[in-house]
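Below is one structure; the comments refer to it alone.
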Amino acid sequence: MIVVGVGVGPGMLTEEGIEAIQNASIVYGAKRAIELAQKYITCKTSTIKDYKSLHLLPADAVILSTGDPMFSGLGKFAGEKDTVIPGISSMQVACARTRVNLTNLTAITAHGRDFGPAKAELIQELKNGRNIFLLPDEKFGSREVAEVLKELGLEAELYTCENLGYPEERIAKGTPENPPIAETILYGLLVVQKR
């Protein structure tokens, strides 16, 4: 199979991704991923119903993954003989919009899983002086990260980056004392430590 990152929002597909989609005999993906690539799809599409069975798809099947497949995406299902084509991730767009350098950034995901390991990793990386891009969960978002920062006595700027790439894109800035609160579930949280 060929896993193609369609980017975090409209217009963020790479040329390599577009070519793979245009040459596909069948395209699979979630509704949002198919919508982002729709103008390049010339074949039958199918919504993914069982992610654990992706390895059973034909070798030439194209699987669409929102953002970048290797950043909490469908690239984790790719085997050795499969191809993964990167996409523009929410982390890349958030850093571009806020002018935060990627070189001192740690990516962490708490989305859709037990957030305990993500919290432990967040604490360790903050202690190491790293900035963080977090894919949050309902139970572990900007308020909870702000509490961690206060407990550690760290000063930082927090950015909720919502609907990146869409017309309704919204980036809100705050502090541990007054954290920005996301209005949607489609967001990332950027934590930039003050040095």
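The values are calculated or read from the model by the stated rules, or taken from the named source; none is laboratory data. Predicted, not measured: the structure shown is a model, and the values here were computed from it. No Cβ is skipped: glycine too gets one built from the backbone with ideal geometry, and neighbour counts run over all protein chains shown. Note: areas computed on protein heavy atoms with side chains; ligands, DNA, RNA excluded. Shrake-Rupley method; radii C 1.70, N 1.55, O 1.52, S 1.80 Å.
Tabulated values for the structure
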{"quantity": "Qualifying residues in segment 20-64 (those that are under 21 Å from the mean Cα position of the chain (by Cα) and acidic (D, E)) - the one nearest to N163 (Cα to Cα)", "calculated": "E35"}
{"quantity": "Within segment 33-57, considering residues that are without any contact (Cβ under 8 Å) to a residue 12 or more places away in the chain and not charged (D, E, K, R), the one surrounded by the most Cβ atoms within 10 Å (Cβ to Cβ)", "calculated": "Q38"}
{"quantity": "Odd one out for L134, checked against (1) open to solvent by 10 Å² or more (accessible area, probe 1.4 Å); (2) under 21 Å from the mean Cα position of the chain (by Cα)", "calculated": "(1)"}
{"quantity": "One residue from L154, L149 being part of a loop (DSSP other than H, G, I, E, B) and at pLDDT 95 or above", "calculated": "L154"}
{"quantity": "Set E125, E169, E177: member being acidic (D, E), over 30 Å from P58 (Cβ atoms) and open to solvent by 70 Å² or more (accessible area, probe 1.4 Å)", "calculated": "E177"}
{"quantity": "Answer residue from segment 10-32, given it is under 22 Å from E169 (Cβ atoms) and among the charged types (D, E, K, R) and is most open to solvent (accessible area, probe 1.4 Å) among those", "calculated": "K31"}
{"quantity": "Of all residues in segment 169-185 being part of a loop (DSSP other than H, G, I, E, B) and in contact with an Asp or Glu (Cβ under 8 Å, 6 or more places away or on another chain), the one that is nearest to M12 (Cα to Cα)", "calculated": "E169"}
{"quantity": "Subset tally (residues that are of a type in the set (S, T, Y), buried (at least 21 other Cβ atoms within 10 Å of the Cβ) and over 24 Å from L56 (Cβ atoms)) for segment 70-113", "calculated": "2"}
{"quantity": "In segment 119-145, residue nearest to E162 (Cα to Cα) [restricted to those that are assigned to a helix (DSSP H, G or I) and of a type in the set (K, R)]", "calculated": "R143"}
{"quantity": "Identity of the residue in segment 137-155, open to solvent by less than 10 Å² (accessible area, probe 1.4 Å) and among the small types (G, A, S), that ends up farthest from Q193 (Cα to Cα)", "calculated": "G141"}
{"quantity": "Among the residues listed as T42, T66, T47, the single one being closer than 11 Å to V6 by Cα and among the hydroxyl-bearing types (S, T, Y)", "calculated": "T66"}
